[in-house]
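Q: Mind looking over this structure? Questions follow.
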């Protein structure tokens with residue numbers, strides 16, 4: 001009897017997590033707001049940048065080439081503690097630059113607060129936060145404009161990986177982005193609250209004035225998200241507004257990035273939410289469940305059909321990841337890369353688990369691929 005309760009204690013949360021992901025990732029039909037013929041929202045695109053001279057050009061070009069009136073679009077880059085020519089590159093492209101130097105207060109959160117203090121007095125209708133290694137799709141501004149005009153105070157774009165291959169770690173990151181987008185779309189469809197992603201975030205000026213930016217940790221987006229959630233501020237996830245983000249091509253850089261991101265697991269939410277929204281932890285829980293169930297079945301302590309139950313969870317989970325992988329597309333040498341994926345997932349799991357014993361406190365910038373080349 002004890003073995004039965006133990007098996008069920010593992011199977012119940014694994015089943016819930018599986019259904020949580022299945023339901024959300026397969027939901028996708030949402031109310032679509034028609035894009036007005038005449039754009040009305042005056043945007044400031046705020047880009048925090050630290051030593052981005054080699055990567056920010058494509059970011060600026062994507063914003064400058066977007067399908068939106070120039071008069072309603074202002075680009076402001078915060079060159080934060082830069083030791084390269086980031087500010088010069090920004091000026092060459094005709095964008096505004098704010099140079100900030102403070103060696104003690106470093107990180108994206110401080111750069112955003114500095115930039116917002118400078119742009120909000122000009123009273124733009126909304127501010128879009130964009131990372132310096134990202135590119136926006138041409139229609140992003142019009143989609144944001146439509147939803148902001150409809151009364152949505154905060155909007156979040158879909159984030160996709162710009163370079164999904166050829167490394168297995170980069171491919172895993174691209175799959176993770178697809179799943180994160182589908183989960184966010186599912187939450188949005190159910191009227192739940194999707195999370196902010198750090199880039200491709202749009203805020204009505206009234207929100208930024210009501211809630212001044214005071215998020216300065218390693219995952220400033222999660223901190224500010226928690227602040228808005230506590231105040232009941234709604235966020236809409238806009239699946240058709242797309243931001244392309246660069247994933248680190250070297251595994252060591254990817255894992256350094258994820259060590260910083262794991263800090264978001266400890267912002268605001270309880271242990272249950274931390275577990276259910278962490279894909280590595282959910283996969284680890286399913287693997288542990290499988291071992292427990294198989295052991296109890298082999299010892300004839302629980303019915304044989306418990307194995308089928310566990311297998312069904314694994315089948316549905318594998319189907320979600322396969323679907324996301326097909327959306328990403330298979331790059332050259334895909335076979336070797338796919339074989340290496342389990343090892344990448346295991347390493348990502350250990351990176352995540354490391355956050356429960358050793359929390360990162362120092363901000364480290366992720367190396368850009370242009371620097372690696």
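The values are calculated or read from the model by the stated rules, or taken from the named source; none is laboratory data. Everything numeric in this text was worked out from a predicted model, so none of it was measured. FYI the Cβ positions are ideal-geometry reconstructions off the backbone, even for glycines, and counts take in every protein chain you see.
Q: Let me confirm something: among 202, 151, 109, which residue is buried (at least 22 other Cβ atoms within 10 Å of the Cβ) and closer than 22 Å to residue 232 by Cβ?
A: Just a single option satisfies the conditions, and that option is 202.
Q: Using the structure shown, decide if residue 120 is over 13 Å from the mean Cα position of the chain (by Cα), assigned to a helix (DSSP H, G or I) and closer than 25 Å to residue 49 by Cα.
A: The answer is yes for residue 120.
Q: I'm told residue 151 meets every condition in (1) within 20 Å of residue 228 (Cβ to Cβ); (2) free of Cβ contacts under 8 Å to residues at least 60 places away in the same chain; (3) not in a loop (DSSP other than H, G, I, E, B) except one. Can you identify the failing condition by its number?
A: The single condition residue 151 does not satisfy is (3).
Q: Can you confirm whether the stretch 234-241 contains a residue that is part of a loop (DSSP other than H, G, I, E, B), more than 15 Å from residue 116 (Cβ to Cβ) and at pLDDT 85 or above?
A: yes
Q: Looking at (1) over 26 Å from residue 240 (Cβ atoms); (2) crowded, with 22+ Cβ neighbours inside 10 Å; (3) in contact with a helix residue (DSSP H, G or I) (Cβ under 8 Å, 6 or more places away or on another chain), which is the one condition that is false for residue 102?
A: Condition (2) is where residue 102 drops out.
Q: Only one residue in 58, 96, 92 is out of contact with any strand residue (DSSP E or B) (no Cβ under 7 Å at 6 or more places or on another chain) and outside the structural domain of residue 283 (by TED's automatic domain parsing). Which one?
A: Only one candidate passes the filter, namely 92.
Q: When the stretch 24-70 is examined, which residues are found to be buried (at least 17 other Cβ atoms within 10 Å of the Cβ), at pLDDT 95 or above and in a loop (DSSP other than H, G, I, E, B)?
A: The answer is 41, 42, 66, 68.
Q: Okay, moving on. What is the one condition in (1) over 15 Å from residue 139 (Cα atoms); (2) crowded, with 16+ Cβ neighbours inside 10 Å; (3) in contact with a helix residue (DSSP H, G or I) (Cβ under 8 Å, 6 or more places away or on another chain) that residue 81 does not satisfy?
A: (3)
Q: From the list 172, 222, which residue is at pLDDT below 90, more than 20 Å from residue 128 (Cα to Cα) and not in a loop (DSSP other than H, G, I, E, B)?
A: When all the criteria are applied, what remains is 172.
Q: Something else: If I go through the stretch 185-208 residue by residue, how many of them are assigned to a helix (DSSP H, G or I) and under 10 Å from the mean Cα position of the chain (by Cα)? Give the derivation first.
A: The initial filter retains those residues of the stretch 185-208 that are assigned to a helix (DSSP H, G or I), namely 185-189, 205-208.
Checking the rest, the ones that are also under 10 Å from the mean Cα position of the chain (by Cα) come to none.
So the count comes out to 0.
Q: Test residue 5 against the stated conditions and say whether it is farther than 15 Å from residue 134 by Cβ and in contact with a strand residue (DSSP E or B) (Cβ under 7 Å, 6 or more places away or on another chain).
A: no
Q: Give all pairs with beta carbons closer than 8 Å in which a residue from the stretch 218-247 that is assigned by TED's automatic domain parsing to the domain that holds residue 205 and farther than 26 Å from residue 146 by Cβ meets a residue that is buried (at least 23 other Cβ atoms within 10 Å of the Cβ) and modelled with pLDDT of 95 or more; count only pairs at least 6 apart in sequence or on separate chains.
A: Sorted first by the residue in the stretch 218-247, then by its partner, the pairs are 220/112.
Q: Return yes or no: is residue 217 at pLDDT below 80 and either surrounded by 21 or more Cβ atoms within 10 Å (Cβ to Cβ) or outside any helix (DSSP H, G or I) (or both)?
A: yes
Q: What are the residue pairs meeting all of these: first residue in the stretch 291-305, first residue surrounded by fewer than 14 Cβ atoms within 10 Å (Cβ to Cβ), second residue part of a helix (DSSP H, G or I), Cβ atoms under 6 Å, and 6 or more apart or on different chains?
A: What qualifies is 304/297.
Per-residue answers, yes or no, for (1) without any contact (Cβ under 8 Å) to a residue 12 or more places away in the chain; (2) part of a helix (DSSP H, G or I); (3) touching a strand residue (DSSP E or B) at 6+ places or on another chain (Cβ under 7 Å):
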{"position": "102", "(1), (2), (3)": "no, no, no"}
{"position": "109", "(1), (2), (3)": "no, yes, no"}
{"position": "138", "(1), (2), (3)": "no, no, no"}
{"position": "147", "(1), (2), (3)": "no, yes, yes"}
{"position": "156", "(1), (2), (3)": "no, no, yes"}
{"position": "160", "(1), (2), (3)": "no, no, yes"}
{"position": "163", "(1), (2), (3)": "no, no, no"}
{"position": "176", "(1), (2), (3)": "no, yes, no"}
{"position": "182", "(1), (2), (3)": "no, yes, no"}
